[in-house]
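So the structure is just underneath, and the comments pick up after that.
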Amino acid sequence: MRPASEALLVVDVQNDFCPGGALAVADGDAIVPGINALMEEFQVVVLTQDWHPPAHLSFASSHPGRSPFDVITADYGPQVLWPDHCVQNTAGAAFHPALRTDGQAIIRKGFRREVDSYSAFFENDHETPTGLEGYLRTRGVEAVTLVGLATDYCVSYSALDAARLGFAVTVIERLTRAIDLGGSLAAARKGWQHAGVQVA
Ligand code: VGL
Ligand code: ZN
């Protein structure tokens, strides 16, 4: 068993990011058994859920004339447009049915219509907190291990924010899967190296 100062963060293992889902990541469901097994090792387990209202700003369908994977300029900077996904209380937003969900906290993100949130710590404006930092600190967590979907978006943004906040950070890459849009996976790996994120 890992010490109570180490947390496992299970990022967005939801139906819409798995094969058959609205924003399916290739092989996204293949990581579920490995994540379930890893949860047994940690005393602190937090899951995240992408949790968008209908007509969210990150949906291409909210921008007439735009297509999924176009990039727009939001108030806070560039924003990729996605197919509608992880709409609150839909089957697509539910955790993969085989995922163990008996962690102690579930952080939902991306619930404000006008701001997307890749990171589990801050929304895409890089300043609005989700509350996860406080949760981890008040439980005495100093190190965070990340797994889940997608490697190059929500896992990577979460890892970089965790490192910036002073946590020791490890990404277990074999328990992640990537969207890999326009070199985003290579960019993510480069960012981790810079930030001192360990890759296991
Ligand atoms: C994600 C794109 C849009 C993710 C969430 O979980 O990586 N990617 N929303
Ligand atoms: Zn999303």
(request) Those residues that are part of a loop (DSSP other than H, G, I, E, B), touching a helix residue (DSSP H, G or I) at 6+ places or on another chain (Cβ under 8 Å) and within 26 Å of Glu133 (Cβ to Cβ), I need them from region 1-24; list them, please. (result) Asp12, Val13
(request) Take Thr170 and decide whether it is open to solvent by less than 20 Å² (accessible area, probe 1.4 Å) and either at pLDDT 95 or above or of a type in the set (Asp, Glu) (or both). (result) no
(message) Name the single residue that is farthest from ligand 1 (Cβ to nearest atom) among those in region 80-119 being surrounded by 19 or more Cβ atoms within 10 Å (Cβ to Cβ) and of a type in the set (Asp, Glu).
(response) Asp84
(request) Exactly one condition in (1) in contact with a Ser or Thr (Cβ under 8 Å, 6 or more places away or on another chain); (2) not in a strand (DSSP E or B) is not met by Ile172; state its number. (result) (2)
(request) Spot the failing condition for Val147; the list is (1) more than 13 Å from ligand 1 (Cβ to nearest atom); (2) closer than 20 Å to Val13 by Cβ, and only one is missed. (result) (1)
(request) Within region 182-191, count every residue that is at pLDDT 95 or above and more than 15 Å from the chain's Cα centre (by Cα). (result) 6
(request) Tally the residues that are open to solvent by less than 20 Å² (accessible area, probe 1.4 Å), more than 13 Å from ligand 2 (Cβ to nearest atom) and on the phi > 0 side of the Ramachandran plot, restricting the search to region 1-33. (result) 0
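The values are calculated or read from the model by the stated rules, or taken from the named source; none is laboratory data. For clarity, every value in this text was computed on a predicted model and none was experimentally measured. Quick reminder, even Gly has a Cβ in these numbers, built from the backbone with ideal geometry, and neighbours come from all protein chains shown. When the accessible area is computed, the model is the full protein with side chains, heavy atoms only, and any ligands, DNA or RNA have been set aside. Shrake-Rupley method; radii C 1.70, N 1.55, O 1.52, S 1.80 Å.
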